[in-house]
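Shown next, in structure tokens, is the structure this report addresses.
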């Protein structure tokens, strides 16, 4: 049977997403990219448990690059860091705009500045300059409000520290002239957002964040 994904090679692996047999190349290269693999897929599970050497090396480089931004965070701040990144990963810019590392840095810095100002008793919303950053900042703020509405306790100071870590990481990555989405790509690889189950609903009154 010919692989329904490429239409050229012989299908050798049962694909529960496509409900057909696909070739090993399509399974390996299109997994979670073009093919929405379910968590029950044995090939997906095997790939996670035994990643290829090149994937492991990339993960090690990513962790080393991200570590300076997050090594000072507490456990709760670390959770908030990745909770905010779940919003960044789902963000869809309007029109033909692209979300860049600079936009991420602006949005995170603006929301952090707003929270820091509120902590001093002054209500003032800091606005990013770019339109994509403004939209992203609103989504981050809305996410924080939604989490709090479930009764989860998060403090402005902790959120601001996590946001500043995101801002620093994005700005450091933006200094690299080769790619203007280096930070987004790095964190996206680490998060594997598309391969993760949906977030659990926070338990009312809980002090834990479930990114």
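A few comments on the model shown:
- Matching option when the condition is farther than 26 Å from residue 147 by Cα and within 18 Å of the chain's Cα centre (by Cα), among 9, 61, 13, 76: 61
- Selected residue [modelled with pLDDT under 85, assigned by TED's automatic domain parsing to the domain that holds residue 89 and over 13 Å from the mean Cα position of the chain (by Cα)] from 167, 179: 179
- Residue match in the range 64-83 (condition: assigned by TED's automatic domain parsing to the domain that holds residue 138, touching a residue at least 12 places away in the same chain (Cβ under 8 Å), surrounded by fewer than 16 Cβ atoms within 10 Å (Cβ to Cβ) and in a helix (DSSP H, G or I)): yes
- Only one of the listed residues (142, 160, 118) is surrounded by 14 or more Cβ atoms within 10 Å (Cβ to Cβ) and either at pLDDT 95 or above or not assigned by TED's automatic domain parsing to the domain that holds residue 69 (or both). That residue is 160.
- Selection from the range 23-40 of residues that are buried (at least 18 other Cβ atoms within 10 Å of the Cβ), touching a helix residue (DSSP H, G or I) at 6+ places or on another chain (Cβ under 9 Å) and part of a loop (DSSP other than H, G, I, E, B): 37
- Qualifying positions in the range 87-103 - assigned to a helix (DSSP H, G or I) and at pLDDT 90 or above: 87, 88, 101, 102, 103
- Residue check: residue 20 meets all listed conditions (1) at pLDDT 85 or above; (2) assigned by TED's automatic domain parsing to the domain that holds residue 153; (3) surrounded by fewer than 18 Cβ atoms within 10 Å (Cβ to Cβ) but one, namely (2).
- Subset tally (residues that are within 27 Å of residue 153 (Cβ to Cβ) and in contact with a helix residue (DSSP H, G or I) (Cβ under 8 Å, 6 or more places away or on another chain)) for the range 73-112: 24
The values are calculated or read from the model by the stated rules, or taken from the named source; none is laboratory data. Keep in mind it's a predicted model, so treat the numbers as computed, not measured. Please note: Cβ atoms are built from the backbone with ideal geometry, for glycine as well, and neighbour counts cover all protein chains shown.
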